[in-house]
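The structure under discussion appears below in the form of structure tokens.
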Amino acid sequence: MLEKLGLIPIGEIIKSKSIQNFLFLAIIQSSNILITIISMPLLIQGIGVDQFGLVNLALSIIILLNIMVGFGYNLSAPRAVAVNQTDKTALSHLVSNIFSAKFLLAVFATLLVLVGIFGLNLFKGYQIILLYSVLLLFSEATLPLWFFQGMEKMKLISIANILSKLVFLMGIVLFIHKPDQSKWVNFMMGFSGLLINLFILGYIHSSLQIRFYRPQFSAIWTSLKENILLFFSNLTGYISINGGLIIFSFFTGAETLGMFSLAERVVMVLRLFPAIIIQAIFPNASKLFKKDEQSFYRFLKIVYIRVLFGGAFIATSAYFSAPWIIRVLSRSELSESVLYLQLLSPLLFLSCLNIPNITILLVADLKQLLFKASWMMCLYMIIVASILTYFFGGVGLCFAILSTEIVAYIISMLLLRTEKPDLFHGFYS
């Protein structure tokens, strides 16, 4: 009725590609959040808080290597796919080369893990867990999210993600009941993702008429060189945001690590909110930036204001509900985890501050500035987190993580203002 009265143009809103991308990305992340909420108490009860911490530590290492497997394609590939949407031959070569490149990178990352474990005797205490986690590298290599983002057809990949998470959850319920079974947690996550991804690749080939050609190694090498700054930006960005758990592992035992990991997992799930926004608006923002910069700035300002309000609301809710969240997830009173969660809850709002700066850097293809901002932020985080964690433990690490987000926002804004003043004033004026 409201739509007929012209008060709320629901039909027009739903037709928007940015809104559709956001909705389907939100479905993907919502399913991730839901499965995380369900799986955490099951895992903690099954394998214990200390093994839960080690599983998450191994997962942090694998995600770090997954950035190598992704090698910036999550940012560059959607744009390339969008440009070649109607050219099946060019699209087929593009898809074949990207999947081949990511598979080779997954093999290389696996070799690094094997050398680290068997050659250098690293990762003591969780070597077996890490070894069983390498399947996640190949799950990442075959993940076609970037393809469907570029095609602006997110429905199927959303459904596939939900199926993958349900298979993973079913594996936990059926097979994870004792601490010595902790090695299978990340393995099942990788297996479920890889299985569903292979079915999706079959669909891409049979229904979308995308042929898989032999890889063109010259084209792969060219794309890797073009993506090198995006890779390092993602790598340093990940260390800045998620490296805290790895740093904390050098200063504390498994049980304390597990309690911090529980709070961090909740916050990092919530922190996906700004990442969803950037991924959702990126295709449309790129088109607007090329066609009409003023329309792009208006669009970005509207998104920014709404995101800040949403981020503030979620952050406040997380702070006040922290005791209840920890009690539900762990089924016990972990006061230390509650403290960490309350301290980290403002992170969601702080991470929203930098959305316009990152979006401008991406749509304007300012890879060098993005890399410069990322490594400066990473350097700050490593130094401050190491010092504060050494002296104040988990509480110090929480403040280091929060301050890193503020510093990242300031650095990105200053770089835009000094290096690209026209873009800076276009948005902030």
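Under the condition of being under 25 Å from TRP221 (Cβ atoms) and basic (Lys, Arg), which residue from region 86-132 is surrounded by the most Cβ atoms within 10 Å (Cβ to Cβ)?
Out of the qualifying residues, it is LYS102.
Which pairs do you get when a residue that is under 27 Å from THR359 (Cβ atoms), found in region 385-410, comes within reach of a residue that is open to solvent by 40 Å² or more (accessible area, probe 1.4 Å), reach meaning Cβ atoms under 7 angstrom, with the pair 6+ apart or on two chains?
ALA400/LEU388; LEU402/PRO346; THR404/TYR380; VAL407/TYR380
Which members of region 322-343 meet the condition of being buried (at least 22 other Cβ atoms within 10 Å of the Cβ) and either touching a Lys or Arg at 6+ places or on another chain (Cβ under 9 Å) or outside any helix (DSSP H, G or I) (or both)?
LEU329
Looking at (1) in contact (Cβ under 8 Å) with a residue 40 or more places away in the chain; (2) within 21 Å of ALA400 (Cβ to Cβ); (3) within 24 Å of the chain's Cα centre (by Cα), can you tell me which one GLN342 breaks?
For GLN342, the failing item is (1).
What are the pairs with Cβ atoms under 6 angstrom where one residue, in region 239-262, is in contact (Cβ under 8 Å) with a residue 40 or more places away in the chain and acidic (Asp, Glu) and the other, located anywhere, is open to solvent by 20 Å² or more (accessible area, probe 1.4 Å) and part of a helix (DSSP H, G or I)? Sequence gap at least six, or different chains.
Within 6 Å, the pairs are GLU255/VAL49; GLU255/ASP50.
If you scan region 238-257, which residues turn out to be outside any loop (DSSP other than H, G, I, E, B), within 24 Å of ILE35 (Cα to Cα) and under 21 Å from the mean Cα position of the chain (by Cα)?
TYR238, ILE241, ASN242, GLY244, LEU245, ILE246
When you look at SER240, is it at pLDDT 80 or above, open to solvent by less than 40 Å² (accessible area, probe 1.4 Å) and either of a type in the set (S, T, N, Q) or at positive phi (or both), yes or no?
So SER240 does not fit the description; no.
Please go through region 79-100 and give me each residue that is aliphatic (A, V, I, L, M) and within 20 Å of the chain's Cα centre (by Cα), ordered by number.
Once the filter is applied, which keeps residues that are aliphatic (A, V, I, L, M) and within 20 Å of the chain's Cα centre (by Cα), region 79-100 yields only ILE98.
Identify the residue in region 344-364 that is part of a helix (DSSP H, G or I) and of a type outside the set (A, V, I, L, M) and, among all such residues, is surrounded by the most Cβ atoms within 10 Å (Cβ to Cβ).
Within region 344-364, the match that is surrounded by the most Cβ atoms within 10 Å (Cβ to Cβ) is ASN357.
Out of PHE299, PHE282, I need the residue that is crowded, with 20+ Cβ neighbours inside 10 Å, within 22 Å of VAL83 (Cα to Cα) and of a type outside the set (A, V, I, L, M). Which one?
PHE282
Residue by residue through region 210-237, note down the ones that are of a type in the set (A, V, I, L, M), under 22 Å from the mean Cα position of the chain (by Cα) and open to solvent by 30 Å² or more (accessible area, probe 1.4 Å).
LEU224, ILE228, LEU229, LEU235
Looking for something of a type outside the set (Lys, Arg) and not in a helix (DSSP H, G or I) - is there at least one such residue anywhere in region 414-424?
no
Looking only at residues in region 135-158 that are hydrophobic (A, V, I, L, M, F, W, C), modelled with pLDDT under 85 and part of a helix (DSSP H, G or I), which one is nearest to VAL185 (Cα to Cα)?
Looking at residues that are hydrophobic (A, V, I, L, M, F, W, C), modelled with pLDDT under 85 and part of a helix (DSSP H, G or I), I get ILE157.
The values are calculated or read from the model by the stated rules, or taken from the named source; none is laboratory data. Only a predicted model underlies this, so the values are computations on that prediction, with no experimental measurement involved. Neighbour counts run over all protein chains shown; Cβ positions are idealised from the backbone, glycine included. Accessible surface is based on the protein model in full, side chains and every heavy atom, while ligands, DNA and RNA are left aside. Shrake-Rupley method; radii C 1.70, N 1.55, O 1.52, S 1.80 Å.
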